[in-house]
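Presented below is the structure to which this report refers.
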């Protein structure tokens, strides 16, 4: 007779660890892509784009912020999203969204690679 054991807690712990590490790696790639895409007039925005802290878990959601929160770069959002006033003559260059889109599939692939080990 064969004994069957379900080690669900072990599997959940391995999946969570793989997901946290994969979120961290993907966020780093998104930040690097944003740095490569942003305007580099003064390089201030480029230098301010980073992963903001470590991934956090809230229930089944694991997240981390990526972007610029530097008060010396108040134009970061305007460069990403464009001006709030459509009459304003200010060009914008999205830098975060394209990098996020480019790396969208990376997270799932990294998790699968880590779980498969």
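Read-outs throughout are calculated quantities, based only on the coordinates presented, and are distinct from any laboratory measurement. Source: prediction; values computed, not measured. No Cβ is skipped: glycine too gets one built from the backbone with ideal geometry, and neighbour counts run over all protein chains shown.
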(message) Could you tell me how many of the residues in the stretch 85-105 are surrounded by fewer than 15 Cβ atoms within 10 Å (Cβ to Cβ) and under 18 Å from the mean Cα position of the chain (by Cα)?
(response) 5
(message) Name the single residue that is farthest from residue 74 (Cα to Cα) among those in the stretch 18-29 being in contact (Cβ under 8 Å) with a residue 60 or more places away in the chain and more than 9 Å from the chain's Cα centre (by Cα).
(response) 18
(message) Could you tell me how many of the residues in the stretch 26-44 are in a helix (DSSP H, G or I) and either surrounded by fewer than 14 Cβ atoms within 10 Å (Cβ to Cβ) or on the phi > 0 side of the Ramachandran plot (or both)?
(response) 1
(request) Give the stretch 14-31 a look and list any residue that's more than 23 Å from residue 95 (Cβ to Cβ) and in contact with a helix residue (DSSP H, G or I) (Cβ under 6 Å, 6 or more places away or on another chain), or say none. (result) 18, 19
(message) Criterion first (in contact with a strand residue (DSSP E or B) (Cβ under 7 Å, 6 or more places away or on another chain) and surrounded by 18 or more Cβ atoms within 10 Å (Cβ to Cβ)) does residue 73 satisfy it?
(response) no
(request) Scan the helices (runs of 4 or more DSSP H) fully inside the stretch 53-117 and keep the ones with 3 or more residues being within 30 Å of residue 15 (Cβ to Cβ) and without any contact (Cβ under 8 Å) to a residue 24 or more places away in the chain. (result) 104-115
(request) Might you check whether a residue that is closer than 30 Å to residue 115 by Cβ, under 21 Å from the mean Cα position of the chain (by Cα) and free of Cβ contacts under 8 Å to residues at least 24 places away in the same chain occurs anywhere in the stretch 43-51? (result) yes
(request) Could you figure out which of (1) more than 11 Å from the chain's Cα centre (by Cα); (2) closer than 22 Å to residue 77 by Cβ isn't true of residue 32? (result) (1)
